[in-house]
Amino acid sequence: TVIIEKAGEIIPHVVRVIDSKRQSDAKLVTPPARCPSCGSELVRLQDEVDIRCVNPECPAQLRGKLIWFAGRNQMDIDGLGEKVIDQLLDAQLVATFADLYALDRKRDELLKLERMGEKKADNLLKGIDASRSRGLARVLAGLGIRHVGARAGSVLARQFGDIDALAAADAETLAAVHEIGPVTAESIRKFLNSDAGRHVVQELKDARVDLTEERAAVADDAPFAGKTIVITGSFDHYDRKALSEKLERLGAKVSSSVSKKTSLVI
């Protein structure tokens, strides 16, 4: 039994444990020392409570990364759900993000998968091909870089315009970008300048994935220049991601919560 409070307006923060209410037969939980998927030693990073597997070749991490990459708010690959990803991994048809874009050359092997008929295979390949043109913001959100989600990916992509310019930026330049800050800046810098990060980027380039974005250039007289807009609910003609992107092109800063800076709620 614990006492919690809302931290940062919403995140539950444990204030203290009430020992007097603990059951007499309660047993101490011993954290695992090794990853249950790959057996690698687990680590706890400084100032964090999470225990992490840091093996880049961990099968469970690969599965999770592919699921995230294909998600609606990332590359939005139609037909590439968890079950299909499991099938692809079991059949050893994919081991990297770029392998997804080579599946069109493995159509015969795709058709051997359980419940993978010609129509389903063709739709999957069309969905993968369509994701090539999603743009840099979606790619950054999909790569699984720590602290870089849809919002940070969009901000960085529109600020720098292409992956090479982003990779060339130092941590100070990145941290100076509105909404980014030093922690996210260091995370993106480390990833894009690591051997693994450079390899991922080059493979995506070779797979003809669009790693560019229209740079932010908002005129002072843009309809929403200087306005902070909060989007909530659902809409008949837009999903929230598309509406957010449209408003940003018209000069708005889109936020997820109302504050004193909010100009408009849609």
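Trypsin sites (Lys or Arg not before Pro) within segment 1-86: which are DSSP loop residues with at most 13 other Cβ atoms inside 10 Å? If you can, show how the numbers build up before the last one.
On the way: sites: Lys6, Arg16, Lys21, Arg22, Lys27, Arg34, Arg44, Arg52, Arg63, Lys65, Arg72, Lys83; in loops: Arg22, Lys27, Arg44, Arg72.
For trypsin sites (Lys or Arg not before Pro) across segment 1-86 that sit outside H, G, I, E and B with at most 13 neighbouring Cβ atoms in 10 Å, the list reads Arg22, Lys27, Arg44, Arg72.
Using 1/(1 + (r/R0)^6) with R0 = 45 angstrom and r between the beta carbons of Ile18 and Asp90, what's the FRET efficiency to the nearest 0.05? Each step should come with its number before you reach the end.
Details: r = 46 Å, r/R0 = 1.03.
Calculated transfer efficiency: 0.45.
I'd like the GluC sites (Glu not before Pro) in segment 1-68 restricted to DSSP loop residues with at most 14 other Cβ atoms within 10 Å, sorted by number.
Values: sites: Glu5, Glu9, Glu41, Glu48, Glu57; in loops: Glu9, Glu48, Glu57.
Those that pass, being in a loop and sparsely packed, are Glu9, Glu48, Glu57.
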- Across Lys112/Lys241; Lys65/Lys261; Lys6/Lys190; Lys119/Lys246; Lys83/Lys246; Lys6/Lys261, pairs whose alpha-carbon gap is larger than 26 Å: Lys112/Lys241; Lys65/Lys261; Lys6/Lys190; Lys119/Lys246; Lys83/Lys246
- Pairs of Cα atoms under 8 Å, at least six residues apart: use those to get the relative contact order of the chain, whole percent. 12 percent
- Reachable aspartates and glutamates, given that their alpha-carbon falls under 13 Å from the alpha-carbon of Lys106 and they are not under 8 places away in the same chain: Glu118, Asp122
- Query: In 10 Å bins starting at 0, how do the alpha-carbon pair distances of the chain split up by percent?
  - Reply: 6, 23, 29, 25, 14, 4, 0
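Under the rule of -39500 (n - 2.57) per DSSP H run of 4 or more residues, summed and divided by the residues of the chain, what mean residue ellipticity at 222 nm is obtained, to the nearest 500 deg cm²/dmol? If you can, show how the numbers build up before the last one.
Details: 12 runs with 106 residues, N = 266.
Helix contribution divided over all residues of the chain: -11000 deg cm²/dmol.
Report the gain in length on full extension from Lys126 to Glu245: 0.36 nm times residue separation, minus Cα-Cα distance, nm rounded to one decimal.
Working: separation 119, 0.36 × 119 = 42.84 nm, distance 2.37 nm.
Once the chain is fully extended between Lys126 and Glu245, it gains 40.5 nm.
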- Task: Take the alpha carbon atoms of segment 189-266, find their radius of gyration, then divide it by 2.2 N^0.38 Å using N residues; give the quotient.
- Result: 1.48
- Which of the aspartates and glutamates could a cross-linker bridge to Lys205, judged by Cα under 19 Å and excluding same-chain residues fewer than eight apart? Asp76, Asp99, Asp104, Asp129, Asp162, Asp164, Asp195, Glu213, Glu214
- Message: Taking θ = phi - 60°, what integer Hz values does the Karplus form 6.51 cos²θ - 1.76 cosθ + 1.60 yield along segment 163-177, in sequence order, with x for Gly and Pro?
- Response: 5, 5, 5, 5, 5, 7, 6, 7, 4, 5, 5, 5, 5, 7, 6
- Task: Under 10 Å from the Cβ of Leu156, count the other residues' Cβ atoms, weight Lys and Arg +1, Asp and Glu -1, and hand me the total.
- Result: 0
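Here, each number is a calculation from the coordinates, and none is a lab measurement. Since we're looking at a predicted model, the values are computed, not measured. Cβ coordinates were reconstructed from backbone atoms using ideal geometry, including for glycine residues, and neighbour counts include every protein chain displayed.
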